[in-house]
Amino acid sequence: MTTQAQGTSLRTIATFAPTAAVAAAAIFLLVSMVGPAWMFSPAHPDTGTPDANLSFSDLGAATAQSPSAIQAAYFGWLGWALVILVIVVSAAAVLLPRRLLSAAELLTGIAALLITALALKGPLSWGGFVQAVPTLRIGGYLMIVGLLVVIIHGAVSDYVSRAS
């Protein structure tokens, strides 16, 4: 009896954990877009610019005229489109466990993460981008963690569907 109960509880956890992970990722992604700061901009005394914490919408205003088209689009409309796409594909992969949906979730998460990195980089050199990483704040981290959870879920789901 104990073994059967343990097996049932393990199956319940194995069924619930992926759903909870994707739900948490969706919450992280949405909260990152509407709430906390993404970047810290230090003060520049020579120009009289004070220090500031910039949210996603603040970055949208600040990068509207960016020489980087990806950065301007991402903080304008593309970021929202990617978040919605990732959430829809991830929800479909959880609700309709199919190998194709798992692969789509994995690829969508990877593409969104790469585009997010390129948007954060903007016109900076890669060396300048690496030096600017310490200015990233909780909103940016929530986006990255949410996308990593989606990528891991897609990879694990794809692997499990291939193994079965």
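The values are calculated or read from the model by the stated rules, or taken from the named source; none is laboratory data. These figures come from a predicted structure and were not determined experimentally. Counting neighbours? That spans all protein chains shown, and the Cβs are built from the backbone with ideal geometry, glycine included. For accessibility, only protein heavy atoms count, side chains too; no ligands or nucleic acids. Shrake-Rupley method; radii C 1.70, N 1.55, O 1.52, S 1.80 Å.
Comparing Cα centroids, segment 119-164 and segment 40-65 end up 23 angstrom apart.
Residues whose amide H lies under 5 Å from that of Ser55, counting only those 5 or more places away or on a different chain, are Trp38; hydrogens are built 1.01 Å from N in the peptide plane. The C-alpha radius of gyration of the chain, expressed as a fraction of 2.2 N^0.38 Å, stands at 1.25. Modelled label positions at Leu30 and Phe129, each set 7 Å beyond Cα in the direction of Cβ, lie 3.0 nm from each other.
The listed residues Asp58, Asp46, Asp158, Asp51 rank as Asp46, Asp51, Asp58, Asp158 when sorted by accessible area, largest first, using a 1.4 Å probe.
Calculated from the alpha-carbon coordinates, segment 52-120 shows an Rg and a Dmax of 14.2, 45 Å respectively. Among Ala23, Ala62, Ala104, which one shows the biggest mean-square fluctuation in a GNM of the chain, springs joining Cα atoms closer than 10 Å? In the Gaussian network model the winner is Ala62. Ordered from largest to smallest accessible area (heavy atoms of protein chains, 1.4 Å probe), the residues Tyr141, Tyr159 come out as Tyr159, Tyr141. Computed packing ranks the peptides 145-155, 111-121 as 145-155, 111-121, most packed first, by mean other Cβ atoms within 10 Å. Here the chain is treated with +1 on each Lys and Arg Cβ and -1 on each Asp and Glu Cβ, and its dipole about the Cα centre works out to around 560 debye.
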